1. Accessible area of the stretch 116-268 with a 1.4 Å probe: how many percent of it is carbon plus sulfur?
2. What's the Cα-based Rg to Rh of the chain, Rh via Kirkwood?
3. For the stretch 301-455, what does the accessible surface come to per residue with a 1.4 Å probe? Please give it in Å².
4. Which of the listed residues, 41, 74, 226, is farthest toward the dipole's positive end in the chain, when Lys, Arg count +1 and Asp, Glu count -1 at the beta-carbon?
5. Which aspartates and glutamates, on any chain, are close to residue 360 with Cα under 12 Å apart, when same-chain ones fewer than 8 places away are left out?
6. What is the distance in Å between the Cα centres of the stretch 396-455 and the stretch 31-61?
7. Can you compute the charge dipole magnitude of the stretch 249-348 about its Cα centre, using +1 on each Lys and Arg Cβ and -1 on each Asp and Glu Cβ, nothing else charged? Give it in debye, rounded to the nearest 20.
8. Using the alpha-carbon centroid of each, what span in Å lies between the stretch 334-360 and the stretch 261-307?
Amino acid sequence: MTQTEQKPAANDTPLVPIEKIVSLCKRRGFVYPNSEIYGGVSGIYDFGPLGVELRNNIRRYWWWSMVQTHDNVVGIEGANITHPRVWEASGHVENFVDRLVECKKCRRRFRIDHLPAENLEQRKCPVCGGELTTEPRVFNLLMETYLGVVEGDRMKTYLRGEACQNIYLDYDNVLKSSRMQIPFGICQIGKAYRNEVTPGNFLFRQREFEQWDLQFFVHPGEMQKWFDYWKQYRYDWYMSIINHKDRIHFREHSSDELAHYAKQAFDIEYQTILGWQEWEGIHWRQDWDLSRHSEYSGQDLSYTDPITKERYIPWIVETSGGVDRTFLNLLLDAYEEEPDPAGKEPRTVLRLHPMLAPVKVAVLPLQKNKEELVTTAKDIHKKLQRLMVSQYDDVQNIGRRYRRQDEIGTPYCVTIDFQTLDDHTVTVRERDHMTQERITISELPMYLLDRVTWN
Ligand code: GAP
């Protein structure tokens, strides 16, 4: 990635309330509540014009660094609906559950695994102090759906509860249709659906969300080496896109959290107003997934080493994170209200990494009633649009236009003024430091590309 000079974040910047982000997202077209005109649906959101650009940039950077820059990793895109046996083999039909207790007084419900230990021990409601029910109620999180139209012949199946299952299902096809040999990985970005009993905190816990997964298939003897490699790689990846480097860490799972087949598991956590929360999990999956799918499908998913002829079920390192959590964490990380030295209202600025910013450049004629300025600005905008997302804006004074762009994270504003008409130069104003530089129109495309793309 091109390292542009981002303004380092001050360690003492306060954590941003989620409400500020919710409000910005609605106001500026990043995220809308789904079906809002019908009153909305809890835990489901739509992405607006700027949201789509930001999500696409986030996805593209992940894909580039995970798939395109690794010779031993390929990508797939699987369907949201699979054979129902998949979810029996994966253990989701039996075990993908939330256990809830209810307060007898205020009737609020709490997930047992989210309750503070002392509330659980004393069976005391953390909100009103009332008594909690003793026997938890169990809810399966899989979303059911039906294939077929004829009553009686319809097959019950599920929207995928985790995206990664397609990777195990396609593993053998990828092996046979590509030139991959172990060790190699398969990546996918895709939607997952969970009937979360307690959705909330905006994009943090949703019922429809998007995951990115790498499943890396290895010889059992090389498991530790590859686990360490991907664990560090994923951590460095997140570090490369955040400003607050002190707000990220690993949390190792304790022995009672580990699945029976896992020797180790780590969460990459990020600190927000919600506390330290999981962003991505790095999991030691051993041979669990391929063995289970071999057993349930009756297909042999073992691998024969082409040189040694050794036959074994490959072990798996999984890195599994959320596109939506990345979207939310990046907004929380980037949002700042900066006091104005001139004493006017504070400047709201999104210090997004330039390569992720939804709009890369805004082209602004100094005045909109001067035809030559407008024509030159529109011409520059049209040329830049072929290379990156550019916005043309001639409404209100230049200061207000800069503010509008700062608020959506646009890293560069190009101003066309009377000097432009004389010497073919423009002013480039940078978002974080608000510095201005004069460069020629012919230099502008390369100047911007160098700063807003990764390589
Ligand atoms: N295949 C492993 C797996 O699905 P997970 O911890 O359940 O593991 C992986 O999910 C990532 O998906 C999480 O780290 C989180 O970023 C994201 N995620 C999980 N549930 C989510 C939800 N309800 N809403 C938004 N993102 C979610």
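The values are calculated or read from the model by the stated rules, or taken from the named source; none is laboratory data. This structure is a prediction, so every number in the text was calculated from the model and none was measured. Cβ coordinates were reconstructed from backbone atoms using ideal geometry, including for glycine residues, and neighbour counts include every protein chain displayed. The area values use the complete protein model at the heavy-atom level, side chains included, leaving out ligands, DNA and RNA. Shrake-Rupley method; radii C 1.70, N 1.55, O 1.52, S 1.80 Å.
1. Result for the stretch 116-268: 48 percent of the exposed heavy-atom area is carbon or sulfur.
2. Taking Rh as the inverse mean 1/r over Cα pairs, Rg/Rh reads 1.02.
3. Counting only protein heavy atoms, the per-residue value for the stretch 301-455 is 44 Å².
4. It is 41.
5. Filter leaves 53, 406, 430, 450.
6. First find each Cα centre; the distance between them is then 29 Å.
7. Taking the Cα centre of the stretch 249-348 as origin, the dipole is about 380 debye.
8. First find each Cα centre; the distance between them is then 39 Å.
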